[in-house]
Amino acid sequence: MGLAVIDIAIGRPIEAGGRECWARRARCLVVLSFCIMLSCCGAARQAIEKEAGPAPDPITETATAATEPTPAATTTPTPEATGTPAPAAEPVNLNGALAECRNAFPDQIAQAVARASCVIKATELVRPLLPFPDLLDRENALRKALAEQVQARTMSLLERNIQIQKLHSQLLEEERSRLSTAPADGSKPPLAVTQWRQSNGDSCGRLGGDSGTCY
């Protein structure tokens, strides 16, 4: 063909001198195609952004969070804050606790050990109220030892009662002696302390003594 080129648009050969015109047309076609592609991409991006919704503005979001009020902490007012006095604690009732031991373990011989353990646990309520708790500890130590002998039938129940009554009387005398040398305390003793002091009296050292205060 030599230097002749066929003009696609008009279907006739193009001479060598017309090749420059053909090259310009080709470049125009390339630029036009590129512009069409850009417009299509832009339209697709706008459609996607429209469907997803507007993105939150981080500056506005931070400012909104900073201005929102913080909820106040919920607190329960104390009796002191409301001016209402706290309810007073109920006094320890030693006799009531001992009555439960008698009802739970009515057999003073066959259940002597279990009954003594219940009594020792009940008297623990009065221990922190006593001016000299070690006196109660000595009484309970003897109570436990005597209960084992009664249940083993090596000691009579009457002898056990006599020994407990004698020791309790000695402990009360020792308590009075200690209190006489201690600073005077004019306050009234708690109910449980009075009940312990009045227990295991002389009548408990006899057969058929008062079981309500003999333990």
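Probe radius 1.4 Å, ligands and nucleic acids left out: which of 143, 206, 127 has the largest accessible area, and how do the rest follow?
Values: 143 0, 206 140, 127 75 Å².
The most accessible residue leads, giving 206, 127, 143.
Can you tell me how the stretch 163-215 classifies by the Cα gyration tensor, rounded, prolate or oblate, using a/c under 1.5 as the rounded cut?
Working: a/c = 4.37, a/b = 1.82, b/c = 2.40.
Oblate.
Taking 0.36 nm per residue of sequence separation and subtracting the Cα-Cα distance, how much length would be gained by fully extending the chain between residue 104 and residue 137, in nm to one decimal?
On the way: separation 33, 0.36 × 33 = 11.88 nm, distance 2.31 nm.
My answer for the length gained is 9.6 nm.
So how do 102, 176 rank on accessible area, 1.4 Å probe, biggest first, that is with the largest at the start? Walk me through the intermediate numbers first.
Numbers: 102 60, 176 130 Å².
From most accessible down to least: 176, 102.
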Original post:
For labels at residue 127 and residue 114 in the simple 7 Å Cα→Cβ model, what's the distance in nm?
Top reply: 2.3 nm
Subject >> Rough spin-label spacing in nm, given labels placed 7 Å along Cα→Cβ, for residue 178 and residue 203 >> reply: 2.8 nm
Original post:
If you average 1/r over all unlike Cα pairs in the stretch 126-168 and invert the result, what Kirkwood radius do you get in angstrom?
Top reply: 11.1 Å
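The values are calculated or read from the model by the stated rules, or taken from the named source; none is laboratory data. Note that the coordinates shown come from a computational prediction; the quantities given were computed from them, not determined experimentally. Every residue, glycine among them, receives a Cβ derived from its backbone with ideal geometry; neighbour counts consider all protein chains shown. The protein model used for the area step is the full one, side chains on, heavy atoms only, and it has no ligands, DNA or RNA in it. Shrake-Rupley method; radii C 1.70, N 1.55, O 1.52, S 1.80 Å.
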